[in-house]
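Peer 1: Dropping the structure in here first, questions after.
Every number here is computed from the coordinates shown, using simple stated rules; none is lab data. Note that the structure is predicted; figures quoted are calculated from it, not measured. Heads up, the Cβs are rebuilt from the backbone with ideal geometry, glycines too, and the neighbour counts pull from every protein chain shown.
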Amino acid sequence: MKKNNSITTIVAIGIGAAVFFILGRFLSIPVGFIPNTSIETTYPFLALMSVLFGPVAGALIGFIGHAIKDLLTYGLWWSWVISSGVTGLGYGLVGKNLNLRNGEFTKKDIIKFNIGQVITNIVAWAVVAPILDILIYSEPANKVFTQGLVSAGLNSLAVAILGTILITAYAKTQIKEGSLSRD
């Protein structure tokens, strides 16, 4: 069983990274008022995958997917690639306490998940990304912290709306434990 689970996780990482790239490349909406900042559909998807497959898979999906997107568009921007990995890791940690495979995603779970994902986005985008931008690329602090705060807010909003919808929809597809009875 453990071997089958790891194979499933490896496949999920590969497919997840590919979908992350596609969403990031073709379904990002630039905000315009802050350079290189967009409303992303990648992070609601990453939230779903991280919650389902765990923090390590989430980190790898975010890291690999973002790296592929950068490589095939404008070049690697390591600070944000690493931050996508941190984001997937954080979403996965938040999701460890959810019981989605048993069909449960209650209002209390939704609130806890969204508090956790907001904290994750703040850490990844308003702390890690700007600090790495400064350390790696010598970017001006006021620029990168503004980008980071806007990205944290936009990603939190996208995950709160789309991510919650995706996770709720997934939970509804699962059979609740003890819901089947013998005739």
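Peer 1: What residues of segment 91-115 lie in the reach of a label at ILE161, counting those whose backbone N is under 17 Å from a point 7 Å from the Cα along Cα→Cβ?
Peer 2: Inside the label zone: 114.
Peer 1: Would you check segment 2-173 for Lys pairs whose C-alpha atoms are within less than 21 Å, ignoring same-chain pairs closer than 8 in sequence, and give me the count?
Peer 2: Qualifying lysine pairs in segment 2-173: 9.
Peer 1: How far is helix 78-95 tilted, in degrees, relative to the longest principal axis of the Cα atoms in the chain, given as a value from 0 to 90 rounded to the nearest 10?
Peer 2: Helix 78-95 sits roughly 20 degrees off the main axis of the chain.
Peer 1: So which trypsin sites (Lys or Arg not before Pro) in segment 1-62 are both in a DSSP loop and have at most 11 other Cβ atoms within 10 Å of their Cβ?
Peer 2: On the way: sites: LYS2, LYS3, ARG25; in loops: none.
Here no trypsin sites (Lys or Arg not before Pro) fit, given the DSSP loop and packing criteria.
Peer 1: Taking square-rooted eigenvalues a ≥ b ≥ c of the alpha carbon gyration tensor, is segment 1-69 rounded, prolate or oblate, where a/c under 1.5 means rounded and, failing that, a/b exceeding b/c means prolate?
Peer 2: Prolate, since a/c reaches 1.5 and a/b exceeds b/c.
Peer 1: Take the Cβ-Cβ distance between ILE111 and ILE39 as r, set R0 to 22 Å, and report the resulting FRET efficiency rounded to the nearest 0.05.
Peer 2: Values: r = 23 Å, r/R0 = 1.04.
Using R0 = 22 Å, I get an efficiency of 0.45.
Peer 1: Next question, about the same structure. Among TYR74, PHE26, PRO44, which residue has its Cα positioned farthest towards the positive end of the charge dipole of segment 2-173, with +1 placed on the Cβ of Lys and Arg, -1 on the Cβ of Asp and Glu, and the dipole taken about the Cα centre?
Peer 2: PRO44
Peer 1: For segment 3-54 and segment 82-102, what is the separation of their C-alpha centers, rounded to whole Å?
Peer 2: 12 Å
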